[in-house]
Amino acid sequence: MAGISKGERRTGLVNGFAAYGMWGLVPLFWPLLKPAGSVEILAHRMVWSLVFVAVALVFVRRWAWAGELLRQPRRLALVAVAAAVITVNWGVYIWAVNAGHVVEASLGYFINPLVTIAMGVLLLKERLRPAQWAAVGVGFAAVVVLAVGYGQPPWISLVLAFSFATYGLVKKKVNLGGIESLAAETAIQFLPALAYLLWLVGHGESSFVDDGAGHAALLASTGIVTAVPLVCFGAAAIRVPLSTLGLLQYLAPVFQFLLGILYFHEAMPAARWAGFALVWLALALLTWDALRTARRAARALAAAPLPRPAAPVTETPASQV
């Protein structure tokens, strides 16, 4: 990020705030789509997201990746896995919001970093620093406290956290850009989603057809609601440090949590507050550890002596290219 100007970083921050702000406020959007059910909303989101990103890709003329992907069956299979996992994540989230579980849904994205770390240990054999172990332990205690408070494990939160962590792990292996990845995933989702929507029309159960042009336009706008934050995130990711993005990611669940309490007036008994407090403590530990590690790495890099060439050279050193 050393070559990024202050203006570019400011643009990146604005886009980062916009992306996570939109993701944080999206619980206000899904209830507007009633009387459509969660599965119908999900199907429309898949169909219209592909339409929107296809138009965007035509506009920017970025299609070369598609041919390369089709010639790589392993990457294509990973994209299919990502599409399946994000389908679960989207569907559960839409249902949770429209069923009055916004606070529990926000918890899923609070604990997502902890789940990602745990999966790194279990699946990738990563080694954790002591502060990370402490954060994971506190997070596990939080889930136990919340399970007692809810009378059952917080299944919505756990499904959202594990599905999104799995999605992130698979996407890292696929290594596609944000818009390209969304296009590939929704291309896989498209035919089943379209078939379901046509089935609804054939059985006279389609709210898209039956509830007026305004409702149909709202359902079609699910593609924009899905793609625009992703575009903003992509603009931020190339302009601001990962440590900054790591802090910005908490904006979305914070907004969702506040909406759940202040706008949707969901109940927050003492046990639930205690569970959330433990989650926030775990996230504070993670953030402190990440910032401390980043500062140490920066100091080590600054203190490292510059390598001296063994003999005079006439070409520009690679370190300065």
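The values are calculated or read from the model by the stated rules, or taken from the named source; none is laboratory data. Please read all numbers here as calculations on a predicted model, not as lab measurements. Methodologically, a virtual Cβ is constructed for each residue, glycine included, from the backbone with ideal geometry; neighbour enumeration extends over all protein chains shown. Each accessible area value is taken on the protein alone, full model and side chains, heavy atoms only, with ligands, DNA and RNA left out. Shrake-Rupley method; radii C 1.70, N 1.55, O 1.52, S 1.80 Å.
Annotations for the structure displayed:
- Most mobile listed residue (Ala131, Ala147, Ala213) in the chain, GNM with C-alpha springs under 10 Å: Ala213
- Net charge, Leu218 excluded, C-beta distance under 15 Å - Lys, Arg +1, Asp, Glu -1: -1
- Scanning residues 5 or more positions from Glu266 or on other chains, those with amide H under 5 Å from its amide H are Ile261, with H placed 1.01 Å from N in the peptide plane.
- Bridging of Lys171 to lysines at a Cα separation below 25 Å is possible for Lys125, once same-chain residues fewer than 8 apart are set aside.
- Once the Cα-Cα distance is subtracted from the 0.36 nm per residue extended length, the Gln152 to Leu32 segment shows a gain of 40.2 nm.
- Comparing Cα centroids, region 215-284 and region 158-200 end up 19 angstrom apart.
- Net +/- balance of residues flanking Ile94 in space, Cβ distance below 12 Å, scoring K and R +1, D and E -1: +1
- If the segment from Ala220 to Leu281 were pulled out straight at 0.36 nm per residue, it would be longer than the present Cα-Cα gap by 18.0 nm.
- Given [x] 51, 49, 38; [y] 80, 52, 38; [z] 67, 46, 31, the label whose value is Cα extents along the principal axes in Å derived from this model: [y]
- Karplus-based coupling profile of region 81-92, in residue order and whole Hz: 5, 4, 4, 5, 5, 6, 4, 4, 4, 4, x, 5, with θ = phi - 60° in 6.51 cos²θ - 1.76 cosθ + 1.60 and x standing for Gly or Pro.
- Computed from point charges on the beta carbon alone (+1 for Lys and Arg, -1 for Asp and Glu), the dipole magnitude for region 174-312 about its Cα centre is near 1200 Debye.
- Where the chain is the region considered: accessible area per residue in Å², 1.4 Å probe: 54
- Helical contribution to [θ] at 222 nm, DSSP H n ≥ 4, -39,500 (n - 2.57), averaged over the chain, rounded to 500: -25500 deg cm²/dmol
- If the chain linking Arg296 and Phe140 were pulled fully straight, counting 0.36 nm for each residue of separation and taking away their Cα-Cα distance, it would gain 53.3 nm.
- 3J(HN,Hα) couplings calculated from phi for region 49-65 with the Karplus curve 6.51 cos²θ - 1.76 cosθ + 1.60 (θ = phi - 60°) are, in sequence order, 5, 5, 4, 5, 6, 5, 4, 4, 5, 4, 5, 8, 6, 10, 10, 4, 4 Hz; Gly and Pro show x.
- Loop-located GluC sites (Glu not before Pro) in region 25-131 (DSSP state other than H, G, I, E, B) with a sparse environment of at most 13 neighbouring Cβ atoms within 10 Å: Glu126.
- Backbone N within region 14-47 under 12 Å of label point (7 Å from Ala56 Cα along the Cβ vector): 19
- With the simple spin-label model, which puts each label point 7 Å out from Cα in the Cβ direction, the Lys173 to Ala66 separation comes to 2.6 nm.
- Fraction of accessible area attributable to carbon and sulfur, the chain (%, probe 1.4 Å): 70
- Note, ³J(HN,Hα) from phi for region 249-262, Karplus 6.51, -1.76, 1.60, rounded to Hz, x at Gly and Pro: 4, 6, 4, 4, x, 5, 4, 5, 4, 5, 4, x, 7, 8
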